[in-house]
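Each remark here refers to the structure printed beneath this line.
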Amino acid sequence: MTLNVTKRDGSTQEFDLEKIHKVLEWATEGISGVSISEIEIRSNIQLFDKIPAYDIHELLIKSASELIHPDTTNYQFVAARLISYKLRKEVYGQYTPKPLVDIIVDNVSRGVYDAGILTSYTMDEIEELDNAIKHDRDNTFTFAGMEQFRGKYLVQDRRIQEHYETPQILYMMISATLFSKYPKETRLKYVKDYYDAISQFYISLPTPIMAGVRTPTRQFSSCVLIESGDSLDSINATATSIVKYISKKAGIGIGAGSIRAEGAKVGDGSVVHTGLIPFLKYFQAAVKSCSQGGVRGGAATVYIPIWHYEFEDLIVLKNNKGIEENRVRHMDYNFQFNKLMYERLLTGGDITFFDPNDVPGLYEAYFDDQEKFKTLYEKYEKTRSIRKKSSPAVDVFSTFLQQRKDTGRIYCMNVDHANEHGSFKPELAPIRMSNLCAEIDLPTSPVTDNPDDGEISLCTLSATNWGLINSPAEFEKYCDLTVRALDELLDYQDYPIPAAERGTMNRRPLGVGVINFAYFLAKRGLKYDEGAFEIVDEYAEAWSYYLIKASQQLAVEKGEIPLKNHTKYADGVLPIDTYKRELNNLIEHKERLPWNELREKLKETGTRNSTLMALMPAETSAQISNSTNGIEPPRALVSYKQSKDGVMAQVVPGYHHLKNKYDLLWDQKSPDGYLKICSILQKYIDQGISVNTSYNPEHFEDNKIPMSVMMTDLVTAYKYGLKQLYYFNTFDGAGEMTDEQTNHTYDGESPQYDEEEDCDSCKI
């Protein structure tokens, strides 16, 4: 009997086994340690008449991907090539790419590309860009990277599983879109340079940009900071703002610390306040109301001062114990500390809890004036008429750390560091909160139903691939391209809320981070300890210098930010002027670059952007660029990530020659070295870092992490100037997947599985 295969267009043709062999020969060409027969055997294709060609190809991809293990890592490239081949057939109808102009015209007619691209560029210019595309770069992707592309980023019709572009087309279209308004005499150079930088992974882009730029979408900021005031009007406006930005794939930070506590007087006192928790439930409903890009519900982190009167109830909101009525589990929580709170801990003092409504000026001073806060705090502690309660500071900190350990999602923000070591003057533009992932430090003010009130802060993200940088001077080119591209994005995107547009246009904040840091260390034979301090300091200095220099030069070309007087940059004050001097005990302060010259230029011109650096998580972009995640140590040399699309295997870069050089997370006895390296990075950063603390109980007696260890690490982070702490990771098997769940049958080293996180937005 003759077997036929059904093609995508519905036509049939006779099944030809030789075609499968040819595709596999192409996919394995030049790749060592792989076998065509292993892929064919594992695929176990059950043939039947008119079997869809789509199904055959998917089985081959699945087969190759399931062979990715520590001893056979190169199957990651075979699986990626098979995806690439399939995409080309979908998009071009053949393996050979179609002309770029045809792709653009087709996708504009489908409504998936912005029509403006055809009016912005001439046919000759599009042809020149077409000639600059390097389609073979698709062969450098790994399986995890290609899966992310086809699942999340390539424009497509998800109903019929049909894609309309390939990765290199995506990269060129993003570049052409971002630089479309540049002067015609220079823009093609910038388009091609930026294309080369992002398609070769020197620069990484976040989900909103990868998925949205070139499409009719007009919201690309990853992080949104929304502050609620203590009124129903403001609380309602906050919820409305959350819904609008959750629907546009943004991660949300919610400032809720000024909302009064349960039992507080309302109006004339005829009723009492229900407290913060019912309104947090309201915010949670708003966060989960819309799916992010049709993929998953949104995510948010709520910011609250540690001294809030309801602390005892708020700190357990994420805990699995208790009933639904007193839990709000589907958001994360960040509790805010300052110097006085740590002093109370170290001196054996108490922390006193207040209702913000009862202590005028205390909430504001917590952020903009530390001396004033201390004076008011001590005054209110002595005022008998004010409702308050207190607990030993050691108990408060212990409770915080216990909940942080139990949930993994209770965070810390040192608000004095965020304000004193940042680009804003706290007396004019205080930092009162951060974002979902705790690395963005931008001014906010409470929103209301009056569009002229309030300030919502947005931050647009990107990252530099340190793993590909071989000398500090190489940063200059990529820092300049990054700042230019992101700054263009601020004018290109839309703003559904006036408070967001006002904040962005007046401050033009950017957040450039780091990926592939573990590879950066491994290929130099370094670990997360004092042996790496010097080179990290040298490279961080250059990276920071060139980002600030790029924004200064752009200010000369396009003008400085309207609220320049709110920034320290305008006064020539740099991150290296405000860092915690305790860092000098770890690494001698050096200025290897002409900082004084840059200071003088800043006084003359200011910057184009109020902020420039932020070290965000980098889940997805790390997979795309075959990099290690952000600044994090890898959990395993080969890890498996659970996602909505199944399990994706990821191998650390340089596996074959560096596998004994990596400083794996769970091998580390303590996070101390990592925290100190983060502190050195923080020295040069005007915003913050998503800093995690991770513990392997196997390194401790009775497999229990002592409270004293967690407390020491918390104090260390504060001592050396870290602004925020993000996840608390414990190697205890919780949430880990088993081999049985994934059909992996590898008998060697146990694979490490990571669950996909709640939000893609700032995990770039």
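Read-outs: derived from the displayed coordinates by stated rules, not from any lab. Remember, predicted model here, so these are calculated numbers, not experimental data. Cβ coordinates were reconstructed from backbone atoms using ideal geometry, including for glycine residues, and neighbour counts include every protein chain displayed.
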Among the listed pairs LYS184/LYS477; LYS19/LYS134; LYS372/LYS676; LYS98/LYS192; LYS7/LYS89, which are separated by more than 22 Å between their Cα atoms? LYS19/LYS134; LYS372/LYS676
When a/c reaches 1.5 or more, the comparison of a/b and b/c decides; with that in mind, is the range 37-81 rounded, prolate or oblate per its Cα gyration tensor? prolate
Tally Lys and Arg at +1 and Asp and Glu at -1 over the other residues with C-beta under 12 Å from the C-beta of LEU658: what net charge comes out? +3
Averaging sequence separations of C-alpha pairs under 8 Å and six or more residues apart, then dividing by the length of the range 98-198, give the relative contact order as a whole percent. 27
Computed from the mean reciprocal separation of all distinct C-alpha pairs, what Kirkwood hydrodynamic radius does the range 566-680 have, in Å? 17.8
Given that compact globular proteins tend to follow 2.2 N^0.38 Å, what is the ratio of the alpha-carbon Rg of the range 389-501 to that value? 1.44
Work out the FRET efficiency for ASP406 and HIS135 from their Cβ-Cβ distance, taking R0 = 30 Å, and round it to the nearest 0.05. 0.05
Could you pull out every one of the lysines with an alpha carbon less than 19 Å from that of LYS388, ignoring same-chain neighbours closer than 8 positions? LYS265, LYS374, LYS379
Calculate the length of the line joining the C-alpha centroid of the range 204-258 to that of the range 609-642, in whole Å. 22
Within 10 Å, Cβ to Cβ, of ILE259, how many net charges do the neighbouring residues add up to if Lys/Arg are +1 and Asp/Glu are -1? -2
Rounded to the nearest whole number, the Stokes-Einstein translational diffusion coefficient of the range 1-86 at 10 °C and 1.306 mPa s (Kirkwood radius, C-alpha pairs) in µm²/s is 119
Take each of the peptides 580-593, 272-285, 508-521, average the number of other beta-carbon atoms within 10 Å over its residues, and list them starting from the highest. 508-521, 272-285, 580-593
Distance cut-off 21 Å, percentage of C-alpha pairs in the range 301-443 lying past it: 44
Net charge near ARG218, counting Lys/Arg +1 and Asp/Glu -1 over other residues with Cβ under 10 Å of its Cβ? -1
Please report the antiparallel percentage of DSSP beta bridges with both residues in the chain, rounded to the nearest 5. 45
Cβ crowding within 10 Å averaged over residues, with 139-146, 360-367 ranked highest first: 139-146, 360-367
How large is the Rg to Rh ratio of the range 23-139 when both quantities use alpha carbon positions and Rh follows Kirkwood? 1.09
Provide, for q = 0.19 Å⁻¹, the log10 of I(q)/I(0) from a solvent-free Debye sum over equal Cα point scatterers in the range 416-570. -1.27
For the range 98-198, what mean projected area does the convex hull of the alpha carbons give, in nm²? 6.5
The range 339-358-the range 489-540 distance, computed between alpha-carbon centres (Å): 33
Share of pairwise Cα separations in the chain, more than 40 Å, in percent: 34
Testing the spin-label approximation: label points 7 Å from Cα along Cα→Cβ at LEU658 and VAL573. State their distance in nm. 3.9
For the chain, longest principal axis from Cα atoms; helix 167-178 axis from its Cα atoms; angle between them, nearest 10 degrees, is 50
When you count, for each residue, the other Cβ atoms within 10 Å and take the mean per peptide, how do 201-212, 649-660, 384-395, 240-251 rank with the highest first? 201-212, 240-251, 649-660, 384-395
